[in-house]
Structures are given as C-alpha cells and as structure tokens.
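A short write-up of the structure that comes next.
The values are calculated or read from the model by the stated rules, or taken from the named source; none is laboratory data. Note that the structure is predicted; figures quoted are calculated from it, not measured. Reconstructed Cβ throughout: ideal geometry from the backbone, glycine too, with neighbour counts over all protein chains shown.
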Amino acid sequence: MGLVTQVFRDSDLAALPGHIAIGHTRYSTMGSSKRANAQPILARGQNIELALGHNGNVINALELREDLVRDWGSKFAGTTDSEVIAELYANAPGETWADRSAHCMRRLRGAYSLVMATKSELIGVRDPLGVRPLCLGKLDGGWVIASESCALDHVGAKFVRELEPGETVVVDGTGLHSTVWSGARKTHAMCIFEHIYFARPDSILSGQLAYKTRMSMGAQLYRQHPAKADLVIGVPDSALAAAVGYSQASGIPYGDGLVKNRYVGRTFIQPDQRMRELGVKLKFNALPQVLEGKSVVVVDDSIVRGTTTPRVLKLVREAGAKEVHMRVCAPPIIAPCHFGVDMGSVNELIAARKTVEEIRQYIGADTLGFLDVPGLLKAVGVDDGSYCRGCFTGSYPIPVQLEMDKLQLEKNVAGARHDPAGNELPAMT
C-alpha cells in the first residue's frame, strides 16, 4: 500500500529474479483501497497460473464473479473487477491465448487494458472497444507493454505502436505473437478524457501527441469563447498546453500566473470531500507580480465536482487580477464515467446540477466558456463515431446502469445474487 516511491526501493527491485515483470499503480474505480485489492493479482485456474494488472472498469463484474464461484469454485480475496478478470482468464477454456481472450471478451463488458504474466509469457490485452490506451515498445531485444508511451521513454524503450481494440499480444521464447478478436469494434471508443486530462502530455494517443491535441483544444476554445484580456494562464499542469493554444490563437500573451505544489496529488480523485478540500488549499499558489492589475483568461482542462475551481479563481483575484475569464477545454460533465475514471455520482457533478450561468456565479468568474462536444472532436481531429464521450452526453458505447456503486462487490453478501447495480435478486430455485 502507498506510493511507488514509498513501496519500492532500488534494493527491492535489484533483488527481484526472473526475466518477466509486470507492475501496476492502482487507480481505484471498483473496490476500496486496501491491501487485498493491490495489483498485480494472482490467479490459479485449471491449467494456468497468472498475475494480472488492469486499467479500466468492467461493469458486469458482479454477475461474472457469481458465475465463477458457481461454475469453477473460484475464491476471491479482494473486491475488485480486476480479480474477476484474472479468475476469468485463469479458467478460460482454450489452448491458446487467442482462444482464452475470445472467450473472455465475449463475456466481459466494459473497459480493460491488461498486462499478464505467466512463468514463461508476457501478455497484453486491450478490450474490444479500445476504451483505455495500451502500447507496445522494444527494449534491448525484448518487449515492453505499457498504458502510455511516456513510460517507454523513461526506460529507454522505443515506441512501436498502440494495440488495436480487441488485440492480444503474447511474448514468449519464440518472439511476439498477435491476434485480434473477430468481434472487436471497427473504430475504437477510447475515452476522450484521456486526451483532455488523463494522459500525460508527452504520450501518444491514437497516433497523436497529447500536448499538440491539447494546444488544438485551446485554440478551438478561443474560437468558440473569445475574451478581451491582458494575459492567458493555465491551471498547472494538465491545462498548460491548452493555455498556450488559446494564447497563440488569440494573440493574448501567455504567462505563468499559478505555481503548483509538486508534493500534492490530484484532488478530484481523493477518496472523500474533506481530503479534496484540504488538497486544494495546498495545491496552488498565485504570483501577484504577474497577475496584479491584469484582465486574465484562466484555462483549465475540466470542471468535475467544482471543488478546485472556486479556490483557484479566488487565488487569482487575491493576487490582484481585475477580471477573471474562465475557459474550460472539456464540455460540461453531466454524467459519471463507468469505464475507469472515478468522477463520482451524478449528484456530485456540478454541471449535472447547475446551468453554465449558475456555475459561473458559483466559481466566481466574470465570464465562463466550455468547449462543446463538436469543438472537442474537431480539436482531436475526428468527426465519426470514435471516442467515448459519455460523461458529456450521457450516451455510452455500451448500455450501462445510470448509477453504479464502486463498492458493489464489498456489499455483496455471501450466497445472494445481485444485478449489475448491486441490487439483490430473488434466490434461484
């Protein structure tokens, strides 16, 4: 449990034996934060033993877990969908990974980018919708699989390509082998929030550098919501590229008006509101010498719960800004994410409860402008059915429950059956 730098020291890593390794920094979207839910997860099936790391969220995990207990006698130590996926793969019929993946992909519903290891193989899997990113790199004659291409850069690996939706790659003693499930979607439904916020700016997504895509968002934001101002600043760090794009499109000078405390993590994914409030207070500091007497455009990537933004704008005003024009690269977030981003419930999303004018008043901005969905797609460079944008529209690439409980597996009482939303069903006869 804890941050990577707290858990692993150089001496720990140096002592690890073997020629295959996987690891995972868990971002909790199902199951509470406890040791039993830490990844990688070990699973032993009828013919195979594996370790698994998972990014995403599977929305029918409760149903599958009950099937695995009934059909295979699976035992579960944790309360995550990731453990369900591991057990499903460990017990999947078939002699090859292509067969096992085909079986699992027919049953799993949702988002799952996976890395798995056996004693002799490294396996990577990207779900048939391609919701979460997964890429392949080459290093010293070996192979590396990672969620983002920037991870390859850090270890000196060469980026080769992104995995296709529904693709399974297997690395063994004979090399790299790849198969794509025949039922995979023709165009991906990758989460567009990866472009807006989640991916690092130096990562490649759908063949595009995230930094350049965010600059395009900023430029498009200016076209939709111009402002007369003296200075453009971005909320560090995820909105800086978009602020540069807004500045270049508008001709308004760009500057650094906010400094981020590097020792405080993301606030919107803190486990409760009290910790989010505390994080906001410690997260930013303003520069009065830059902001004083200026009319300022503040560019941010998104407004989710509305916890951070009022505090940020208050800092900007206290630093002497005479006007504050808020510009947001994401459309209003009106629905929760069911595929791997813990944004909270509908009741926690400020744009689901307030109009744009009400949000403007609440955050304390002189003007407020959100990039709309067509403008966002234009900035990303698509106009087709690709990309999931369910959090902006309420329409998802696969049907989902309106509200799903991330702790549903922990609330599942022994012997009871539940629907995907966690509601108990009548006993079977």
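Structure notes:
- Criterion applied to HIS154, HIS177 was being at pLDDT 95 or above and more than 19 Å from the chain's Cα centre (by Cα), and the one residue passing it is HIS177.
- Test for ALA351: is it more than 22 Å from LYS260 (Cα to Cα) and either not acidic (Asp, Glu) or not in a loop (DSSP other than H, G, I, E, B) (or both): yes
- Failed item in (1) under 28 Å from ILE204 (Cα atoms); (2) buried (at least 20 other Cβ atoms within 10 Å of the Cβ), with ALA98 passing the rest: (2)
- Residues located in the stretch 219-255, provided they are touching a strand residue (DSSP E or B) at 6+ places or on another chain (Cβ under 9 Å), surrounded by fewer than 18 Cβ atoms within 10 Å (Cβ to Cβ) and modelled with pLDDT of 95 or more: GLN224, PRO226, LYS228, ASP230, GLN248, PRO253
- Of the candidates GLY23, GLY18, GLY56, the single residue that is under 20 Å from the mean Cα position of the chain (by Cα), on the phi > 0 side of the Ramachandran plot and not assigned by TED's automatic domain parsing to the domain that holds MET343 is GLY56.
- Just one of (1) surrounded by 23 or more Cβ atoms within 10 Å (Cβ to Cβ); (2) under 17 Å from the mean Cα position of the chain (by Cα); (3) touching a residue at least 40 places away in the same chain (Cβ under 8 Å) fails for LEU205. It is (1).
- Pairs, first in the same structural domain as GLY369 (by TED's automatic domain parsing) and in contact (Cβ under 8 Å) with a residue 24 or more places away in the chain in the stretch 309-322, second basic (Lys, Arg) and buried (at least 19 other Cβ atoms within 10 Å of the Cβ), C-beta under 7 Å, six or more apart: ALA321/LYS294; LYS322/LYS294
- Qualifying residue in the stretch 6-22 (condition: under 30 Å from TYR396 (Cβ atoms) and modelled with pLDDT of 90 or more): yes
- When the stretch 277-287 is limited to residues that are touching a strand residue (DSSP E or B) at 6+ places or on another chain (Cβ under 7 Å) and not in a strand (DSSP E or B), the one that is modelled with the highest pLDDT turns out to be LEU287.
- Residue identified as in the same structural domain as ILE359 (by TED's automatic domain parsing), touching a strand residue (DSSP E or B) at 6+ places or on another chain (Cβ under 6 Å) and among the aliphatic types (A, V, I, L, M) among VAL304, VAL328, VAL290: VAL328
- In the condition set (1) surrounded by fewer than 19 Cβ atoms within 10 Å (Cβ to Cβ); (2) in a helix (DSSP H, G or I); (3) in contact (Cβ under 8 Å) with a residue 24 or more places away in the chain, ILE334 is compliant with all but (2).
- Among the residues of the stretch 320-331, those that are more than 20 Å from PHE198 (Cβ to Cβ) and either hydroxyl-bearing (Ser, Thr, Tyr) or part of a loop (DSSP other than H, G, I, E, B) (or both) comprise GLY320, ALA321, LYS322.
- Within the stretch 165-188, tally of residues that are in a strand (DSSP E or B), within 10 Å of SER101 (Cβ to Cβ) and of a type outside the set (Val, Ile, Thr): 1
- Filter result (more than 26 Å from ILE192 (Cβ to Cβ), in a loop (DSSP other than H, G, I, E, B) and not aliphatic (A, V, I, L, M)) within the stretch 125-164: ASP140, GLY141, GLY156
- The helices (runs of 4 or more DSSP H) found entirely in the stretch 1-92 that carry 2 or more residues being touching a strand residue (DSSP E or B) at 6+ places or on another chain (Cβ under 7 Å) are 61-72, 81-91.
- Qualifying residue in the stretch 351-361 (condition: in contact with an Asp or Glu (Cβ under 9 Å, 6 or more places away or on another chain), at pLDDT 95 or above and assigned by TED's automatic domain parsing to the domain that holds GLN220): yes
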